[in-house]
Amino acid sequence: MRRLNHSSELENYRRELLEERKGGATTIIIPNGTCCQAAGSPAVIKALLQEIARQGVDKNVQVHLTGCHGFCEQEPMILFEPGNVIYCRVTPGDARDIVARTVKEGEILERLLYTDPVTGKKAKTETEIPFYQAQDRQLLQYNKWVDPRSIKDYIAIGGYRALVKTLDSISPKTVIEEVRSSGLRGRGGGGFPTGRKWAEARSATGDEKYVICNADEGDPGAYMDRCLLEANPHLVIEGMMIGAWAVGASKGYIYVRNEYPLAVQHARLAVKQARELGLLGDNILGSSFFFDIEVARGGGAFVCGESTALMASLEGKVGEPRPKDIHTVKEGLWNRPSVLNNVETWANVPSIILNGSGWFASKGTKGSKGTKIFALTGQVKNTGLVEIAMGTTLNDIVFRIGGGPKDGKAIKAVQTGGPSGGCLPVSKFDLPVDFDSLYEAGSMMGSGGMVVMDEGTCMVDVAKYFLKFLQDESCGKCVPCRIGVDRMLEIVTDITEGRGTREQISLLEELADTVRETSLCGLGKTAPNPVLSTLRYFAEEYFAHVDEKKCPAGVCRELIHYDILDEKCTGCGVCLKACPHGAIRGEKKKVHVIESQLCLKCGICVTECKFDAIAVG
Amino acid sequence: MVQTVTLTIDGVPVKAARGTSVLDAALEVGICIPHLCHVPFLKDTGACRLCIVENVRNGSSRVTTSCTLTVQEGMNIQTNTEKIRTLRRNIAELLVAQAPNSKAIQDIAVRCGVKEVRYPFRNENCVQCGRCVRYCTEMWRADAIGFVGRGKNRHVEFPFGVRPEFCKNCGSCTLYCPMSVTPCGGPMKRGEERLCGQCESQAVNAPDVIGACVRCQLGTGFSCTRHIL
């Protein structure tokens, strides 16, 4: 590979690449990220490639594998450019028709088009899909054009232009000033102003400084960072380089969790390609700037997403946080000044430099600027990655983009921010989503997980789930987090199993407050949020569990029982056969009975019964 | 010459050497901040969270551990506010419910005003204060014991579970363990755990004598670090 020795050479290289790529060949874009692969994209790609070769059209089409585009609900997808036609939920069996009719004849296959679950209308092109229409895709828009394994793709769409601009004409101080006035805040959850962090790191003294990219994303249901790093690693690398230039760092680390093998692979490849091209290493683009990046894999501890624990892990020590009375920007990795930012924060930097801080600050609310990616999951029709301008209401996200409830049950709450966040009820859905308003409502932005829950979810059970998660993932160093969260789980388990008392609820509140105030790191300080927010908005559910020993949503097994309704049961015998515990008896054509002693409340009979004859009470 | 800074602890102007922790500065002048994982001359980790104080700055206060907080000129520290007492009592309650068979922890619980334990007792043998591990690592440079595992499974262990040759057999780990002295009546059996309320130290724990000394017994190797008694 050639080496670029001057900033003008990058521009020439880009022109050459664009020249090479001219021509009217159809491009078939197939997202092939981890989520797409899970949905079955490798089989589709294989079938499509075989079919293209068999039908002899390999001269006229290019197959382009990219990272995930965000609409994970409808994967595997195929996108045709030019034309912007999109096919959803493609199977390997469709490959023959796609090549024979769409590629050769230009005909559009109706059956593969996206059907809007709300209106029932078919959408021919990507831009017609309401899921995309309502978004403001600043970071995710590139995913479509970039093959993460090719630096050429990134350069062709204008990549590393912000780096050239920085090295050529912007002083480190101006970069920091630009980031500061853009109002960019840390996307990992804390929301610390990025410009201020950089300025502090720049003024800190140290023989060497580090920039670190935190890609240890561990929240259940969140995968924005994985998608960005997997689909467009060079964007993150470019952001890190600009950050390194600004604070005077010479070494960078990308800390990716090992559970993201594709992200590790793509990040490593991207670093290697950038190094070969002369974008990393000594004398970058002929300037005096030197900087290199190493990709480090995390061992799979949730707590290593915390900045000091992450640095301990990078140093090869046990991933445990340390007190932050001295900030990491002064004494971080190996006691040297370190700037640690989230993947998304780094990815936002190049566009701020290119388009100016005013452009970035024009989006969003007073305290939170720009766009944010959320992972919308749970009981909504359209799940996937959603990028919106800060300040969009939860209503818009859940109903306009998400398409409303999946199974017709009413939506009850949305859980934001993963285990550190809280549950917000429907009455709070007109809340603009930004750092401050979510925090005031008792939740937090977190890294951007958003789990929608409907009437079939028990909020006490949700609190229990998150406490279980946190108890497993607590590092165990400090008392409030290790013992306190464990005791909170003990109390909530008592409540869900019918042993709870009113005193225990007030004890739970007091304990939650203690854990929040006294824990050592951010993980412990936010650990009680799921409990506190559910207690705040869904207290009646806790009281129902405690006073009436009932679970209103019918989830907590110890508090529910199944009954067969006499008037609805036809005696078909389906439930009798389906019950794994032999708890149902009855004769053909006669009403069946559930023996409560034998019933383990698995709920299989409810899903099997076609007449809704089994009631949960 | 030692450079000093002046800070205010509980309204009292205190002079302390630059670089010392707030906890050390307070203990030096006889202000008792309850603590468990702190050992003099070892690096503080802030694990037990008992030594929390309020750091008042510009009208707002932040709860933080005093052992990891370095003294600064003009600092205003409150060690005994209502909020701190409640939080500290809750932590001490968690600790004593976890390990009631330690005189040190029972003493701390009395000192922090624990009147009842609202959780079922667990009667474990270790509260993971890390005193043994840090003494072994920092004082003797032996690294013969360390923490293994995460969260609930975290425990103190020899490397790979076998006592290594480089263990100097010094016994410091036992000496500095808060579990090495049992409550006055001897070890409590499972199901018979209780909050120690029999001894005379209870008398000084009246609500109007806040923060009175209960003569904490933090293991045989180490009594109170307060220089003035």
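With the simple spin-label model, which puts each label point 7 Å out from Cα in the Cβ direction, the A:ARG101 to B:LYS168 separation comes to 8.2 nm.
Rounded to the nearest 20, the Cβ-based charge dipole of the protein assembly as shown about its Cα centre (Lys and Arg +1, Asp and Glu -1) stands at 800 debye. With a 10 Å cut-off around each Cβ of B:118-126, the average count of Cβ atoms from other chains is 3.
For chain B, relative contact order (Cα pairs under 8 Å, six or more residues apart, normalised by length) works out to 21 percent. Note: region A:155-252, Cα convex hull, 116 Å³ per residue.
From other protein chains only, count the Cβ atoms within 10 Å of every residue's Cβ in A:468-476, then give the mean. The partial results should precede the final answer.
Working: counts 0, 0, 1, 2, 4, 2, 4, 5, 10.
Partner Cβ neighbours, averaged per residue: 3.
If you plug the beta carbon distance of A:ALA615 and A:THR119 into 1/(1 + (r/R0)^6) with R0 = 41 Å, you get a FRET efficiency near 0.75. Taking Lys and Arg as +1 and Asp and Glu as -1, the other residues whose beta-carbon sits under 14 Å from that of A:LYS104 total -1.
Each Lys or Arg adds one and each Asp or Glu takes one away; over the other residues whose Cβ falls under 12 Å from the Cβ of A:ASP207, this sums to +2.
Taking packing as the residue-averaged number of other Cβ atoms within 10 angstrom, the listed peptides A:436-448, A:376-388 run from highest to lowest as A:376-388, A:436-448.
Peptides B:32-42, A:410-420, B:116-126, A:39-49 ranked from most to least packed, by the mean per-residue count of other Cβ atoms within 10 Å: A:410-420, B:32-42, A:39-49, B:116-126.
Lysine pairs in region A:1-152 whose alpha-carbon atoms fall under 29 angstrom of each other, counting only those eight or more residues apart or on distinct chains, come to 25. Helix content alone sets the calculated 222 nm mean residue ellipticity of the protein assembly as shown: runs of n ≥ 4 DSSP H residues at -39500 (n - 2.57) each, divided across all residues, give -9000 deg cm²/dmol. Taking every DSSP beta bridge that has both ends in the protein assembly as shown, the antiparallel portion is near 65%.
Among the lysines, which fall within straight-line cross-link reach of A:LYS610, defined as a Cα-Cα distance under 27 Å, with same-chain neighbours fewer than 8 residues apart omitted? Within the straight-line cut-off, A:LYS610 pairs with A:LYS381, A:LYS406, A:LYS409, A:LYS412, A:LYS550, A:LYS568, A:LYS577, A:LYS588, A:LYS589, A:LYS590, A:LYS601. Placing +1 on the Cβ of every Lys and Arg and -1 on the Cβ of every Asp and Glu, with no other charges, gives region A:300-339 a dipole of roughly 100 debye about its Cα centre. Peptide A:504-515 has a mean of 3 when you count, residue by residue, the C-beta atoms of other protein chains within 10 Å of its C-beta. Taking N as the residue count of the protein assembly as shown, its C-alpha radius of gyration divided by 2.2 N^0.38 Å amounts to 1.07.
Where a number appears in this text, it was derived from the coordinates with a stated rule and is not lab data. Bear in mind that the values here come from a model prediction, so they are computed numbers and not experimental data. Neighbour counts are summed over all protein chains in view; Cβ atoms, including those assigned to glycine, are modelled from backbone coordinates with ideal geometry.
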